[in-house]
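Student: Can you keep this structure in mind? I'll have questions shortly.
Values in this text are rule-based calculations from the coordinates and carry no lab data. Keep in mind it's a predicted model, so treat the numbers as computed, not measured. Ideal geometry is used to build each Cβ from the backbone, glycine not excepted, and the neighbour counts take in all protein chains shown.
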Amino acid sequence: MKMYAGISRAYVPLLLAQLGVIAWAPLHLLSWSYAVVLAMLALTVLLCWRRRCVSVAHNRPLWSLLLLALVAQGCAFGLLFTDSLSNPQGTLVAFDPTLYFCLSSLLLTIAAAYNPVATLYRWASIVDALLACAIATLFYYTLHQVLNAATQESATATFVMRMFDAMGLFVAVFATLRLVSTKRSDERRFFFVLTVFAWLDAVLPGIHNRFILSSESYLPELLLGLPFVVLGFLLGRRRKVWLRSYRPSRRIRHFAESISPFVMSLALCCLAFAQLGKNPFLATIMLILAITSYAARNAIVLGQHLAFEDDLRKLKRGLQQAIVRDDLSSLLNRRGFYRLLRREWAGALETGRALSVAMIDIDSFKAFNDTYGHLAGDDCLVAVAHALQREASQQPDVVVARYGGEEFVALMGGYDPATSEDILQRLRRRVEAMQIRHARSIKDVVTISAGLASTATARYPDSDKFLNAADGALYVAKRNGRNCIHRAGDTG
């Protein structure tokens, strides 16, 4: 942290040195000024490199892109410095540096488009990067045409200045859109730095260019290094999370994410229209590229969203099943059974269809657990559940659920009491036939008892009273010696 503060403080003497150079006005003033700007840029590159090294792994490509953009600007200012050595008065716009300024804008645009976390936008980010390359290439090609065909120096300088203003504004707007849509604090730290630098790099050089076109003062040269000074200050605040409390709303996030590819395609279309009169073939190719890339990006995002929707539907179905299913036995749990019972009860009231319910309990299950252990008890529950399910599945409209503990419940629709009792007897015999050893049972094997209630033999006010009647019949079956079935309403 001390090293960061020490490097950040080094900007102050550099700013004072540049101001002194302008005040002193030596013969090679521009050379001295560009040398100071290069020193500021070198400090900023060092801070950006350090920030890249300490950032989390998935954010390092972002900081690397910013670092490369600064290096590209360093190359551009290096060429300007070299040009100023042979031409102390300076050239209005040197051609060679434009390549590196375009490359810097390209890298900043790719950084704003790159998504380091979500694999959803990985292919979309590749499309955006290709689109950014096309924009930078066509921008540079347009500048090359204008500078090669220059007939009037002032008109050419004004056109080039406006072109760079438009490019800077495009990068700044694109970075801002990404900042306002970012949810993660670590990414927001980067995109805040990128957005501030992009706006400064668009506005301050634009002001500088207008001043040198309208005045002979060298004071505007101070503006060239200020973006790197502010960027260095932001990079020096290593632990600072900018806009910590900001959380983008869903509407803002969706708007920013949807408008960003449109902005890139629109920028390429504008450059392509500028070439229609000079190079129709190139303009047509770029227009096709702008339209197809926009369509391809939307198709990629739409396809991945549809895949996510399918996954969410599967997950929803799985959660719905988990809510109503018992984990151990895979039968309906109590919640699922109550839903089924309320639905069948309402249908029985409307149609007059007979409905039977049975409470089933494993006999002396506590003694089984005490004798063989709880793991063996779980195995016993699973075996009994599967036996009940297999037998019930052979009869239509018979559902078995786990009510809780060692209790199960069976719901039978459309059966008279005698048939319902016969189905329960088959369930009881199926469990007994498994011959699961139970030394403390009356049969020396695991058995079940059941209590049965039917709407055909009694009128119940609601489904709860209906179920309570079956539960009461189960206690009678227990008192009658277990391994038997008792029907509610029967005596004995």
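Student: Report relative contact order for the stretch 2-315 in percent, whole number only (criteria: Cα-Cα under 8 Å, sequence separation at least 6). Could you put the intermediate results ahead of the total?
Tutor: On the way: 341 pairs, mean separation 64.1, N = 314.
Answer for the stretch 2-315 is 20 percent.
Student: Between the stretch 448-492 and the stretch 341-379, what is the separation of their alpha carbon centroids in Å?
Tutor: 12
Student: Using only Cα atoms and rounding to the nearest 10 degrees, what angle (0 to 90) does helix 334-351 make with the longest principal axis of the chain?
Tutor: Around 70 degrees separate the two axes.
Student: For the residue pair Trp123 and Phe273, what label-to-label distance in nm results when each label sits 7 Å from Cα along the Cα-to-beta-carbon direction?
Tutor: 3.1
Student: Using Cα atoms only, what is the angle between the long axis of helix 122-148 and the major principal axis of the chain, expressed in degrees (0 to 90) to the nearest 10?
Tutor: The angle comes out near 10 degrees.
Student: Treating the angle as unsigned and between 0 and 90°, give the value, to the nearest 10°, between the Cα long axis of helix 11-24 and the longest Cα principal axis of the chain.
Tutor: Around 20 degrees separate the two axes.
Student: So, in the chain, how many Lys pairs have Cα atoms under 28 Å apart, if the pair is 8 or more places apart or on different chains?
Tutor: Going through the chain pair by pair, I get 9.
Student: Using 0.36 nm per residue, how much length does the chain from Gln320 to Leu85 gain when fully extended, once their Cα-Cα distance is taken away?
Tutor: Between Gln320 and Leu85, full extension yields an extra 77.1 nm.
Student: Follow-up question, since we're still on this one. Report the label-to-label distance for Leu219 and Leu328 in nanometres (one decimal), using points 7 Å from each Cα along the Cα→Cβ vector.
Tutor: Label at Leu219, label at Leu328, 8.6 nm between them.
Student: Provide the gained length on full extension for the span His374 to His58, in nm with one decimal, where the gain is 0.36 nm per separating residue minus the Cα-Cα distance. Intermediate results must be reported in sequence, preceding the final value.
Tutor: Values: separation 316, 0.36 × 316 = 113.76 nm, distance 4.74 nm.
Contour length minus Cα-Cα distance gives 109.0 nm.
Student: Now for a separate question. What does the charge count near Ile207 come to, summing +1 for each Lys or Arg and -1 for each Asp or Glu among other residues with Cβ under 13 Å from its Cβ? Provide the component values of the computation, followed by the final result.
Tutor: On the way: positive: Arg210; negative: Asp165, Asp201, Glu221.
Net local charge, Ile207 excluded: -2.
Student: Let me ask you something else. Efficiency by 1/(1 + (r/R0)^6): what FRET value for Arg342 and Arg237, r their Cβ-Cβ distance, R0 = 51 Å, to the nearest 0.05?
Tutor: On the way: r = 61 Å, r/R0 = 1.20.
In this case the efficiency is close to 0.25.
Student: Given a Förster distance of 35 Å, report the FRET efficiency between Ala295 and Thr351 from their Cβ-Cβ distance, rounded to the nearest 0.05.
Tutor: Efficiency computed from Cβ-Cβ geometry: 0.05.
Student: Also: Within the stretch 441-469, name every residue whose backbone N is under 20 Å away from a label modeled 7 Å from Cα of His386 along the Cβ vector.
Tutor: 445-448
Student: Per residue of the stretch 301-307, in order, report the coupling 6.51 cos²θ - 1.76 cosθ + 1.60 (Karplus, θ = phi - 60°) as ³J(HN,Hα) in whole Hz, putting x for Gly and Pro.
Tutor: My calculation for the stretch 301-307 gives 5, 5, x, 6, 5, 5, 5 Hz in order.
Student: Given a Förster radius of 51 Å and the C-beta distance between Asp311 and Tyr475 as r, what FRET efficiency does 1/(1 + (r/R0)^6) yield to the nearest 0.05?
Tutor: Values: r = 48 Å, r/R0 = 0.94.
Working from the Cβ atoms, E equals 0.60.
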